[in-house]
Amino acid sequence: MQKIVHRDGKSVRLNTENDERLYAGHLNTGPRQSRWIDFHAHRLKSAGKLNARCCKCGEDNLKPYGEDMQCGTCAQVQAKDNPRPEDYVFYLAHYSCWQGENTYIQEITLDEAREFAAENYEEIDYHLGLLDESKFE
């Protein structure tokens with residue numbers, strides 16, 4: 001399933017086959033057998049290379065530092081796999097097997113994506129930095 005959305009004056013193609021699926025809502029039995037929602041993230045091309053920006057100051061000045069990366073501007077050390085939620089378009093793919101009902105893509109805001117990730121925390125495969133687990137008690 002595909003849909004064109006507009007972000008910052010640019011056209012973005014959302015594609016459920018190519019974009020990262022963070023949550024799969026389909027089950028083989030029960031009420032989620034014939035209707036379900038999947039949660040996807042589309043990485044923007046304008047975001048540049050993954051892990052190219054510092055998580056603290058946002059500068060594009062990272063250099064290898066052992067197994068991690070270190071910012072040449074503020075000396076912040078971060079993991080190589082440090083996605084920024086702002087670099088993605090999040091969306092829900094609604095599916096139905098019922099006659100007369102359509103499947104469709106619903107683009108959601110970053111706050112709505114954070115809320116969906118929190119509500120489905122136990123079933124989310126990878127939350128792409130939507131949830132700051134260091135703030136959990």
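Just so it is clear, none of the values below were taken in a lab; they were calculated from the coordinates. From a predicted model like this one, the values you see are computed outputs, not experimental measurements. With ideal geometry, Cβ positions are generated from the backbone for all residues, glycine too; neighbour counts draw on all protein chains shown.
For the chain, build the charge dipole from Cβ charges (+1 Lys, Arg; -1 Asp, Glu) around the Cα centre, then report which of 118, 130, 100 sits farthest towards its positive end.
100
Using only Cα atoms, tell me the angle between helix 110-119 and the longest principal axis of the chain; keep it within 0 to 90° and round to the nearest 10.
70 degrees
Shape verdict for the chain, please, from the Cα gyration tensor: rounded (a/c under 1.5), prolate (a/b greater than b/c) or oblate. If you can, show how the numbers build up before the last one.
On the way: a/c = 2.85, a/b = 1.81, b/c = 1.57.
Since a/c reaches 1.5 and a/b is larger than b/c, the shape of the chain is classed as prolate.
Based on DSSP H runs of at least 4 residues, each adding -39500 (n - 2.57), what is the mean residue ellipticity at 222 nm of the chain after dividing by all its residues, to the nearest 500 deg cm²/dmol? Write down the numbers at each step before the final one.
Details: 1 runs with 10 residues, N = 137.
It comes out at -2000 deg cm²/dmol, rounded to the nearest 500.
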